[in-house]
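Inspection log for the structure reproduced underneath, given as structure tokens.
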């Protein structure tokens, strides 16, 4: 019996020492990992500021936990937007964007187990010469719980490897996307347009579209209409083998009631869309289309109609094709 009592007091003593020692341990923790990426800071920012793009590079995805359900509330890349998840392996948690500096910084609050465990995180993007340093850090307050204080000693070992995996994947994805045009999610407003429907093969595009716009500008001048936006073409049918397409060639106008001949008057509804901002010759847009298709596949969005090309630069006044700006638009749902 005396032996049992001695063991009991020894255990109490050890526990007391451990508790006392815990209060000598750091009250806070900080985990940080970094990597150098040869990519434009804007590309990296687009992948890290939008929670819907995180599945492309973070190690915590449905590939790890097929039961996980993710939900974003708010607009992409906006302060206050939340990202909530729940799964058997990943558990439940919430991340809320608290700070955004385009091309430089993403700050967020992180909570696990219904807010029981909280921390703050940052992704810092620092362009240096021909590379960009990306630092990912997480820090939190361990409070006065002795167990949490001891857990703080192991946070680097627990979180560090996942940060390293995520940054390595971010490097791979960012460097692959560095050759992509700028891609953004937009809302195309409703428009009133003059429209000519025509078709062409690859050798006839310039002639067919030139004639269509000539007819529409003639109609616009004759009827004293006012142009109200950039001309654009929507492809309603496309043969990937022959490159033959049927097109709606359009010119936005302020007011128009009735067309004449092949020049029609039509209304285009407001559309959610993903667009690529492309610079170069009209004959070399294929990589931009491929990039948009890949973006849609990765983001889980579905096309909701044929793609459009919005012609920002007037090729009649700007002869340098490298300066021709075209917005390639995929309507989505």
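The values are calculated or read from the model by the stated rules, or taken from the named source; none is laboratory data. Given the structure is predicted, the values throughout are model-derived calculations rather than measurements. Cβ placement follows ideal geometry from the backbone for every residue including glycine, while neighbour counts extend to all protein chains displayed.
What to note about this one:
- With respect to the stated conditions, residue 313 is touching a helix residue (DSSP H, G or I) at 6+ places or on another chain (Cβ under 8 Å) and part of a loop (DSSP other than H, G, I, E, B).
- Candidate set from the stretch 271-310 (those that are out of contact with any strand residue (DSSP E or B) (no Cβ under 9 Å at 6 or more places or on another chain) and assigned to a loop (DSSP other than H, G, I, E, B)); member that is surrounded by the most Cβ atoms within 10 Å (Cβ to Cβ): 281
- When the stretch 201-213 is filtered for residues that are within 34 Å of the chain's Cα centre (by Cα) and either surrounded by 14 or more Cβ atoms within 10 Å (Cβ to Cβ) or closer than 15 Å to residue 308 by Cβ (or both), the ones remaining, listed by number, are 205, 209.
- Residue in the stretch 72-79 that is more than 19 Å from residue 140 (Cα to Cα), touching a helix residue (DSSP H, G or I) at 6+ places or on another chain (Cβ under 7 Å) and in a loop (DSSP other than H, G, I, E, B) present: yes
- Note on the stretch 317-333: among residues that are in contact with a helix residue (DSSP H, G or I) (Cβ under 8 Å, 6 or more places away or on another chain) and part of a strand (DSSP E or B), the one that is nearest to residue 307 (Cα to Cα) is 330.
- Residue identified as modelled with pLDDT of 95 or more and not assigned by TED's automatic domain parsing to the domain that holds residue 30 among 101, 79, 193: 193
- Filter pass, residue 236 being under 30 Å from residue 50 (Cα atoms) and touching a residue at least 60 places away in the same chain (Cβ under 8 Å): no
- Condition check for residue 45: crowded, with 16+ Cβ neighbours inside 10 Å and modelled with pLDDT under 85: no
- Qualifying residue in the stretch 150-160 (condition: within 22 Å of the chain's Cα centre (by Cα), outside any loop (DSSP other than H, G, I, E, B) and modelled with pLDDT of 85 or more): no
- Qualifying residue in the stretch 20-34 (condition: modelled with pLDDT of 95 or more and in contact with a strand residue (DSSP E or B) (Cβ under 6 Å, 6 or more places away or on another chain)): yes
- From the options 203, 211, 258, 221, residue that is within 20 Å of residue 284 (Cα to Cα) and without any contact (Cβ under 8 Å) to a residue 40 or more places away in the chain: 203
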